[in-house]
Structures are given as structure tokens and as C-alpha cells.
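Here's the structure, in C-alpha cells; my notes come after.
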Amino acid sequence: VSDPSLGRSFPARAHAALEDAHLQEALGIATTKFIGLRKEAFAGFPAGEALRDRARAIKEGTLQQLDRHLGRLADRIEGLGGHVHWAATGDEAREIVLRLCRDKGVRMAVKSKSMATEEIELNDALEAAGVKPVETDLGEYIIQLAHEKPSHIIAPAIHKTKGQVADLFSKELGGRFEADPEVLTAVARKELRQKFLDADMGITGANFAVAETGTIVLVTNEGNGRMVTSLPRIHVAVMGMEKVIPTMTDLMVFLAILARSATGQKLSSYTTLVRGPRQPGESEGPEELHLILMDNGRTRQIAGTLREALYCLRCGACLNVCPVYRQIGGHAYGYTYPGPIGILLTAMLKGAASVKDLAHASSLCGACKDVCPVRIDIPRMLVDLRSQLDREKIASWRERTLFRAARRIMTSPGLFRLGAALGRVAQKPFVRNGRLRRLPLFLGEWTRTRDLPPVAARTFSERWPELQQEKELERP
Amino acid sequence: MITCLGDMFFPEVGVAMVRLLRRLGVTVEFPEGQTCCGMPLFNSGYHHDAAVVAARTVGLFAGAEHVIVPSGSCAWMVKTEYPGLLQHDPALKAAAEALAKKTYELSQFLVDVLGVTDVGSSFRGKATYHDSCHLLRGLGESTAPRKLLKGVKGCELVELPGSDECCGFGGAFSVRLPEVSTAVLDKKLANAEGTGVDCLVACDAGCLMQMGGGLTRRGSRVRALHLAQVLAPAEDA
């Protein structure tokens, strides 16, 4: 499961994930822990529910005037001496970073965890251009060493056990390290310390950007974000356009629910507010600040079916509770953003055809919607996405014919009865001890692991006349 | 409303529901010509087709005072999706809204409309309850089935760890991704078996097909039962 190999089908990737004992162990422990922490955090926070409603309303209101808020943000940041770049596509965003590297003679860049830069595969582009990217978030550092991609939005190395990390560090860094998180963290810290000092550029994402003040906000737990934004001479933040929020008061609303949803913390260990580059008289901060505002398929969804996905705070709560994610992990999805929200974001970035199979990777249990801090109705959007697959004939001809036939049966009691009668005849050779244990065709997918009840000797409809008589008998 | 799975695969659940309701003084009718609520079509994205099915179903139940469904997901479909599916036709939409208002999942009808939690039934053994996704998160119900089970004489209710987690059924999901579906199911069944109960109770034919199918395949001593089957046997019977 190391690299998403899109050569294989989604069911094949899911199969591989289910067979991976390390992955199963790591995922089981981590998601269960996250679920418990989140539940506890909100149980002790009665204001949380109203704040979730408010956060949702702020996101919705901001989208309605996104251009105005982005314009204001850009004005404020430029007023503080920063630079704002507009990128219509991921390619453009990547080019802007590469150009800055070329122009400023950048040879090494330290990064704090950012899904936006994962989205545009920035590290590969930097390496190809001769710039060394160094991930400084512990999870990201681990997967960079392993040449893998993140498998969770906030816990990129969630798929690895501590034993695997110890082996990886021992192999890549030279030495023999025990599988103790504290030891391993100390190793990474020591490795990274000099990198912060040597780097020419710090690259981050942005959890929020406040239009009113021109503040870029980073929510982290390791303090690396703060070093990335203050030690190198240039700070570049890559941000999806939907992340702008109007005011500092709004920020308080989001901060109150973001960490609670993600890790169960009241606040993350570090909340970094970056307001412009180093000002005259200030002793620290970068000489240059660049904010890249990236569209990459987002703004066309303001009036599209995936609009609500633009509310997403990237907390990862929906991944932790998703029964599918909990079984197969992030890599099996095959794209940057995994889990239920990831299916929607992939459709946004890559088009509906890219999620032809993934759109069905949900039992629609609704657990994601329940925990989403901004109450994104993910199951409904998945169903709408499936509907689009039918309308645009992306779904297979076979499937569409099958469901059209099902509709015929559902609208005709005669055909429905006939179906039951035919089923009774057809199932005869397969009934063992009153159960169907092995069936052909697509039903075989069911009976490989589960029994199926046979069609009843007499359906409820057929039993109804005598049930009516029972009533007659009971009458005094 | 007896639902497609109930009619074809679990007629005994429908029979149990009818007898239980009659014992509680409810006059039960069964409008003929029922098939399926259309949820499988809706969930897979065939919304136009689901709307055709919905329009037909709305007509079948026009005369009823209350419509009682032994399945949380079908009740959810009627209550929350029918009006939207039929919004193109004002008359149908109004009829769908009327149906939505008077439709109840069985446990909700018993507790909220009839106001009973002790239905005068007896059952020997330990039971645990699985929260079906659509009843729990779709209709927001977790207490009614538990109250009813606690009211059954001789029945000891044991809480199921992770009772609010999906059983992995998900309709077409169970055959589209059978391995993932089964992996989710295995977790559920391990939790159920760990409680040491005799039966695993749910209020949804889909979950019962999935969990029951998994339990008999692994030769478990735990039986999957619909709530109606636990509530139906009268105390003195």
C-alpha cells in the first residue's frame, strides 16, 4: 500500500489494505483513539453545538461574497508588505513557488504540514527543480523518509505502527532506534534542527486567513510551523481560496471547534498567527512573505453540487468515524484526500469520472455528517455524485440497465410477485439448512462470506389473507 | 408498510408486527400492491427512477391514519426523501409531505404515538441492541427500542460496544465492496459475541440480513432478531 498505484482498481487496492496486518493494527488503534477523544471533547463543551452551527453559517456567508473577502485579504497582506499571488490551477500554484525559488536562489525549503501542497505535489516539483524540500511535521517527515504519501488529513503516517517507524529511522538515519515514540521524536527533532537554520524558504499551508487583518493562521501541535514561518528568510503559504474568513471573531469560532473535532484538544498546542513579513524594528520573522491563493477547481463549485465541500476545515474527523476508511486507510482511495470528504474533494479537483468507484465507497451510514464540525452533509452529496454518474453515463451500461430493470419491478406488483416466485424456484438447489450459502453471479459476492435468507415459502403478502382471519377469530 | 425485504425474506417479522399492534388495540390494514420504497435506487443515484417508485407508494397509503414500518431505513426514505423527490409536482409533493408526517418506524410509533414501553411481552434470554444507521442518525432515535426491550419480561438488555457503528450493509454497498462490507461486519459480530447475549436485536431488515447472514455463516450461538419478534410473544403465551 505504500504508493497509491492507480494502475489497480479501487476494490483491488481495498483488498490489499485489508490484507495488510500492520495497517489494520495501526488504523484500528489510531481511529478508535481519535473517536474517543473527540467525543470527550464535545461532551465537556456544551457551547460546541451552537458554535458548529455558527461556523457553518460563517462558511456559507463567506462563499456568497468570496471575491470581496479575498480582495480584502489581498489588500491587507500587501499593505503589510507581503505579496499575494493568484493561481487558477494547481500547475500555476506550483509554478509560482518554483519561480520564487529560482529568483531568490533557494536551495532548501522546510515545510510544515500542508494538504494544499500535497494536492499540487509540490515536493516532486521542487526536487525536479533542484530544491530540497524537508518536511518538518513528524508524520510528514516519516512518510517523506519512506517515500510515501499521507494517508490521513491530519495524521499523515497513521498507517504506520511505531515498530515500522523505528525500522524506517534505523535504516534511513543510521543507528538502531527502539520503537518508543519519545525516542523517535527526539531523533527527528535532532535531525531537523539544523535544517530549520539552513533553509532559505519556509513553505506552509494555511488553516485560515483572516480578511479583516490579513492574518494567516496555522494550527499545529509540534511547534515546527512556528519555526518554518519565522526562521527562513522567505515564507510562502499555499492556500485554497475557500479558506478565507472575514474576521478575527470568526476565527475564534473555528478555533473552538477545529482541534476538538480533529484531536479532541481544546486548542492545538500552537496556533500561529502570521501578519505580514518582518516589520521595521521587529527582531524576527521572514524578510519576505508570499501568499498563493489557489483556485484549482474550487470556485466553480460555489454554484455547483459540491458547494458544501468548500466548508471543509480539513479536521479529519469524518475519516476517523468512517467504517470504510477505518478498514482500508487512506492510500487505498488513491488520491490526495482520503475518506468520505476526500471522495468529494477528489471529484472537485479531478472531476466526477475520477470517483466512479470511490463514490460508492460508503455505506451512507451518516457517521461523517454527525461529526463534521461544519455539518457537511457528506452522505447526501455522495448520493448526488452517484446521480451525476448516472446522468452523465459515467456509470457502466450494465449497472444502469440493472437499476432501470429494478425500477420496473418496483413499480409493478405483478412483476414483484413473479420475481419472488422465480426466486423460490431458482434458489431450490442452493438452500442448505434453510439458508443460502453459495449463489452464482453478483449474489456470489454476498454469499462468499455471508448466508442469505431464502425467499420465504410464503411472502407476507401471501400470508395476509389468513392474518386477516386471525383478526376475525379474536373478535368477541 | 411491510417493505420489500420484509415481504420476501422476513415475512415472520411482518406477522409479528401485525399481532403485536393488534394486541395493543391498533386496527391493521395492509394496502395491497406494495413493493419497495425505492431506497436502493435512490442510494445508487437513480433519483428519477426512485421518484417514480415514490409517487406510486404515496398513492397506496393515501387513506391510512398512521403508516408503520418495521424498518428504520425505509421509514427514513419516506419521511426525509420522498417530498424532495416529488417536488416537481405540487400535488404529489403535498401528498408525500402528508405521508412523511404520518409515517413511523415501529419502535417510534409504539413509544411516541401509543405511549407504551411495556407491551406485555415475555422473552427468555439476554439481548443486545444494534443501532441501525438510518434509525439512529437519520431519524435521531436511540431510546425507543431500548425502552421497549427493557420492558420485556425476562429479557436482559446488555449494551453493545460500538452499537452506533454501521454493520457494513449499506444496500448495494454490500455487494459492490463485499470485502470491506464483511470486514465492517466482522467487527460488529465480534462485539456482539463478546457481550455473551443470546440475540442481537435491530429495527431494520437490511442490517438483519447482513448480521444474521454473518452469524449463521460463522455458526454463532447468537441469533439476529427484529425488535417485533421480541415484542410479539405475549406474556402469558
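Throughout, read-outs are computed from the coordinates displayed, never taken from laboratory work. Because the structure is predicted, anything quoted here is derived from the model rather than measured. For neighbour counting, all protein chains shown are included, and Cβ atoms are generated from backbone atoms with ideal geometry for every residue, glycine included.
A few remarks follow.
- For residue A:244, the amide hydrogen comes within under 5 Å of the amide hydrogens of A:209, counting only partners 5 or more places away or on other chains and with H modelled in the peptide plane.
- Angle in degrees between helix B:205-217 and the longest Cα principal axis of chain B, rounded to the nearest 10: 30
- Average other protein chain Cβ within 10 Å of Cβ, residues B:29-42: 4
- Charge context of residue B:8, other residues only, Cβ under 13 angstrom, K/R +1, D/E -1: +1
- For the peptides A:348-359, A:97-108, A:319-330, the ranking by packing is A:319-330, A:348-359, A:97-108, with the highest mean count of neighbouring Cβ atoms within 10 Å listed first.
- Using only alpha-carbon positions in region A:305-373, the gyration tensor eigenvalues give semi-axes of 16, 15, 11 Å once each is multiplied by 5 and square-rooted (largest first).
- Reported value for region A:107-202: 93 Å³ per residue, from the convex hull of its C-alpha atoms.
- Two-decimal ratio, the protein assembly as shown, of alpha-carbon radius of gyration to 2.2 N^0.38 Å: 1.05
- Normalised by 2.2 N^0.38 Å, where N counts its residues, the alpha-carbon radius of gyration of region B:2-65 equals 1.28.
- Using the rule -39500 (n - 2.57) for each DSSP H run of four or more residues, divided by the residues of the protein assembly as shown, the 222 nm mean residue ellipticity is -14500 deg cm²/dmol.
- Peptide A:395-407 has a mean shielding of 4, counted as Cβ atoms of other protein chains within 10 Å of each residue's Cβ.
- Per-residue ³J(HN,Hα) for region B:141-155, Karplus 6.51 cos²θ - 1.76 cosθ + 1.60, θ = phi - 60°, Hz, x for Gly and Pro: 10, 10, 8, 4, x, 5, 4, 5, 5, 5, x, 7, 5, x, 9
- DSSP bridge orientation in the protein assembly as shown - percent antiparallel, rounded to nearest 5: 25
- A simple rule links phi to the HN-Hα coupling: the Karplus curve 6.51 cos²θ - 1.76 cosθ + 1.60 with θ = phi - 60°, which for region B:183-199 gives 4, 5, 4, 4, 5, 4, 5, 4, 4, 5, 5, x, 7, x, 8, 8, 9 Hz, with x for Gly and Pro.
- Of the cross-linked pairs B:126/B:188; A:243/A:266; A:33/A:113; A:59/A:369, those separated by over 19 Å at the C-alpha level are A:243/A:266; A:33/A:113.
- Averaged over peptide A:320-330, the number of partner chain Cβ atoms lying within 10 Å of each residue's Cβ comes to 4.
- Once the Cα atoms are used to define both axes, helix A:378-391 deviates from the longest principal axis of chain A by about 70 degrees.
- Packing order of peptides A:69-82, B:193-206, highest average first: B:193-206, A:69-82 (average count of other Cβ atoms within 10 Å over each peptide's residues).
- Listed by Cβ neighbour count within 10 Å, with the fewest neighbours leading, B:133, B:155 appear as B:155, B:133.
- Residues in region B:145-159 reached by a label modelled at residue B:118 [backbone nitrogen below 20 Å; 7 Å Cα→Cβ]: B:145-158
- Note, ³J(HN,Hα) from phi for region A:414-430, Karplus 6.51, -1.76, 1.60, rounded to Hz, x at Gly and Pro: x, 5, 4, 4, 4, x, 4, 5, 5, x, 4, 6, 5, 7, 3, x, 9
- The equivalent ellipsoid that matches the C-alpha gyration tensor of region A:351-390 spans semi-axes of 20, 10, 8 angstrom, in descending order.
- Reachable lysines from residue B:93, criterion Cα separation under 25 angstrom, eight or more residues apart if same chain: B:79, B:101, B:102
- Amide H partners (placed H, <5 Å) of residue A:237, local residues excluded: A:204, A:290, A:291, A:292
- Placed amide H near residue B:225: partners under 5 Å, 5+ positions off or other chain: B:200, B:201, B:202
- Inter-label distance, residue A:380 to residue A:266: 3.4 nm, where each label sits 7 Å from its Cα along the C-beta direction.
- Taking the inverse of the mean 1/r over every pair of distinct Cα atoms in region B:114-220 gives a Kirkwood hydrodynamic radius of 14.3 Å.
- Residue A:172/residue A:282 FRET efficiency (R0 41 Å; Cβ-Cβ; nearest 0.05): 0.60
- Charge context of residue B:152, other residues only, Cβ under 12 angstrom, K/R +1, D/E -1: +3
- Computed over every Cα-Cα pair of region A:29-135 and binned at 10 Å starting from 0, the pair-distance distribution P(r) comes out as 11, 24, 28, 25, 11, 0 percent.
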